[in-house]
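The values are calculated or read from the model by the stated rules, or taken from the named source; none is laboratory data. Because the structure is predicted, anything quoted here is derived from the model rather than measured. Note that each Cβ is placed from the backbone with ideal geometry, even for glycine, and that neighbours are counted across all protein chains shown. Note: accessible area is taken over every heavy atom of the protein model, side chains too, but ligands, DNA and RNA are not part of it. Shrake-Rupley method; radii C 1.70, N 1.55, O 1.52, S 1.80 Å.
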Amino acid sequence: MENEKQSSDVVLHLDHVSKIYGELHALDDLTLSVPRGQWLSIVGSSGSGKTTLMNIIACLDTPSRGSVVLRGVDVSGLRERELADVRKNVIGLVFQKFYLVQHLTALENVMTAQYYHSVVDESQALDALRQVGLEDRAHHLPSQLSGGEQQRVCIARALINCPEILLADEPTGNLDEANEHIVLDLFKRLHEQGTTIIVVTHDSTVASQAQREIMLNHGKLVGEQWNDEAAREEYEALVGSSSLGTFDDPTKSAKDTLSGSEE
Ligand code: ADP
Ligand code: MG
């Protein structure tokens, strides 16, 4: 029964979420539902609130107003310990910046994630590195790895707890095409395995791999685009149809015209 329910429910719901810094609404009354297993891209210009949104979804930050419901549970009702459990057991995080421990090898960096789960299992950590195509770099230090390889170690680390929800903020921002391809293939595999994937990206190629793209502007949801009609039908059956209009891909137009002042 539990499984049946899980196959078609809303894994994440943000209800009228705002994040306010003084006069600034980094997020402004944002409502968003994400069905379990959806692959979602978040696009929007620099400063539109994407990272703020990711931090709130990851339970690393709390909204000024509104609520965040993860797997049916309003996280504002959770204690710090329970929040830590959510971060540990439900969420996998990949940041734009690497945050690898410089004096540990790739394998040891991945194993630091296991530490939080009170397991030390080298073969499992190696397997995570294998998933990102880095088994032969397991014993290298970060300084001996290229930027793309370091980012893949971070992804391996995020996969160690088999997260239900993978959150990635500009995961391919620093990668060349070959590495971007590896990361996208991996996301594809995780998606097929049922992982919910939420990716912030400036790259239209990366964004368009997702089933659904949403656009933020000044902390508001201003547009939505579907790349997968079946996913859209499933979403509408679950959540109802959305009133948001589609959008022109900003990254494409930015590339076609002059390069803007994106970060
Ligand atoms: P994005 O990731 O889309 O570039 P952010 O979510 O990082 O945007 O930021 C959204 C807005 O909120 C920006 O104007 C940013 O300067 C502001 N902001 C983010 N974090 C803070 C903070 N801790 N204090 C004040 N303003 C912040
Ligand atoms: Mg950001």
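Applying 1/(1 + (r/R0)^6) with R0 = 51 Å to the Cβ-Cβ distance of Ser123 and Glu23, what FRET efficiency is obtained, to the nearest 0.05?
With R0 = 51 Å, the Cβ-Cβ based efficiency is 0.45.
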HN-Hα J couplings of segment 67-73 from phi, Karplus 6.51/-1.76/1.60, θ = phi - 60°, integer Hz, Gly and Pro as x? 10, 10, 10, 10, 6, x, 10
For the chain, take the longest principal axis of its alpha carbons; what is the angle in degrees between that and the long axis of helix 80-89, to the nearest 10 within 0 to 90? 70 degrees
Length gained if Thr31 through Gln144 is fully extended, taking 0.36 nm per residue and subtracting the Cα-Cα distance, is 36.4 nm
With θ taken as phi - 60° and the coefficients 6.51, -1.76 and 1.60, list the Karplus ³J(HN,Hα) couplings across segment 209-224 in order, rounded to whole Hz; mark glycine and proline as x. 6, 6, 6, 9, 10, 10, 10, 9, 8, 6, x, 10, 7, 10, x, 8
Karplus ³J(HN,Hα) for segment 48-61 (6.51 cos²θ - 1.76 cosθ + 1.60, θ = phi - 60°; Hz, whole; x = Gly/Pro) runs 7, x, 5, 5, 4, 4, 4, 4, 6, 4, 7, 6, 8, 8
Given the chain, what count of lysine pairs have C-alpha atoms under 30 Å apart, with each pair 8 or more places apart or on different chains? 26
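Full extension from Glu177 to Ser76: what is 0.36 nm times the residue separation minus their Cα-Cα distance, to one decimal in nm? Don't jump to the answer; show the numbers that get you there.
Values: separation 101, 0.36 × 101 = 36.36 nm, distance 4.01 nm.
Additional length available on full extension: 32.4 nm.
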Roll a 1.4 Å probe over the protein chains and send me the accessible area per residue for the chain in Å². 50 Å²
Which residues qualify? For Asp28, with a placed amide H closer than 5 Å and at least 5 residues away or on another chain, they are Lys19, Lys220
Tell me, what % of the accessible area of the chain is carbon and sulfur with a 1.4 angstrom probe? 49 percent
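Test of understanding: what is the full-extension gain from Gln131 to Arg189, defined as 0.36 nm times their sequence separation minus their Cα-Cα distance? Walk me through the intermediate numbers first.
Values: separation 58, 0.36 × 58 = 20.88 nm, distance 0.96 nm.
Full-extension gain reported as 19.9 nm.
If packing is taken as the average count of other Cβ atoms within 10 Å, what order do 30-40, 11-21, 228-238, 183-193 fall into, highest mean first?
Details: 30-40: 20.5, 11-21: 17.8, 228-238: 13.9, 183-193: 15.9.
Taking the mean over residues of other Cβ atoms within 10 Å, the ranking is 30-40, 11-21, 183-193, 228-238.
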